[in-house]
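Any read-out appearing in this document is the output of simple, stated calculations on the displayed coordinates, not a laboratory observation. Keep in mind that this is a model prediction, so the values were computed, not measured. Virtual Cβ from ideal backbone geometry, glycine too; neighbours counted across all protein chains shown.
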Amino acid sequence: ITELYISEGITHVEDLGHPSVTSITLPSTLKSIGDSCFSSTAITEIVIPEGVETIADCAFIWCDQLTSITFPSTLKSIGMAAFEAKEVPEWESGNKVKEVFIPKSVTFIDYGAFYYRYGIDIILEDGINTKGFEEGWDDIY
């Protein structure tokens, strides 16, 4: 399996990760992405569709081929280690994501959401309220 297509009508997904998956298409009906859902896949980009509100813990952990992450304006929370890369020394960083834009709809980001993504530029939309963000949410190591 290299391409994963989730059918319209599905509102929640979980446990779909496999190292051979290089492409994921998510439906417009999706509301939440479960724990470790796409862990260890070989995807290079992910566009989370409008309507998704929750990305759970470790949802995209160890997806080290990622170069692009796009969040919808409907997103409310990003779980712990949701986009964590594999641990390597900083000078050997495998992180290929250069920047990520967090929309102001996000009210919670858990600890280490982007752990080991050395060199990533996290851009917060103007007007975002970070009061609900867990301490260490922006720690990268």
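What to note about this one:
- In the list (1) 15.5, 51; (2) 16.8, 50; (3) 14.0, 43, the label attached to Rg and Dmax of the Cα atoms in Å as derived from the coordinates here is (3).
- Mean Cα-pair separation over length for the stretch 1-125, i.e. relative contact order, pairs under 8 Å, 6 or more apart, %: 19 percent
- Local electrostatic count at Gly34 - Lys and Arg +1, Asp and Glu -1, tallied over other residues with Cβ under 12 Å: -3
- Anisotropy class of the stretch 45-86 from Cα gyration tensor, a/c 1.5 cut: oblate
- Within the stretch 53-141, GluC sites (Glu not before Pro) in DSSP loop having at most 13 other beta-carbon neighbours inside 10 Å: Glu87, Glu125, Glu135
- The stretch 2-74: Rg to Rh, with Rh as the Kirkwood radius over Cα pairs: 0.92
- Near Phe101: Cβ cut-off under 12 Å, other residues only, Lys/Arg at +1 and Asp/Glu at -1. The net charge is -2.
- Taking Lys and Arg as +1 and Asp and Glu as -1, the other residues whose beta-carbon sits under 11 Å from that of Trp62 total -2.
- Sparsely packed loop sites in the stretch 48-133 (the trypsin sites (Lys or Arg not before Pro) outside DSSP H, G, I, E and B with at most 10 other Cβ atoms within 10 Å) comprise Lys131.
- About the Cα centre, charge dipole magnitude for the stretch 1-112 (Lys/Arg +1, Asp/Glu -1 at Cβ), debye: 280 debye
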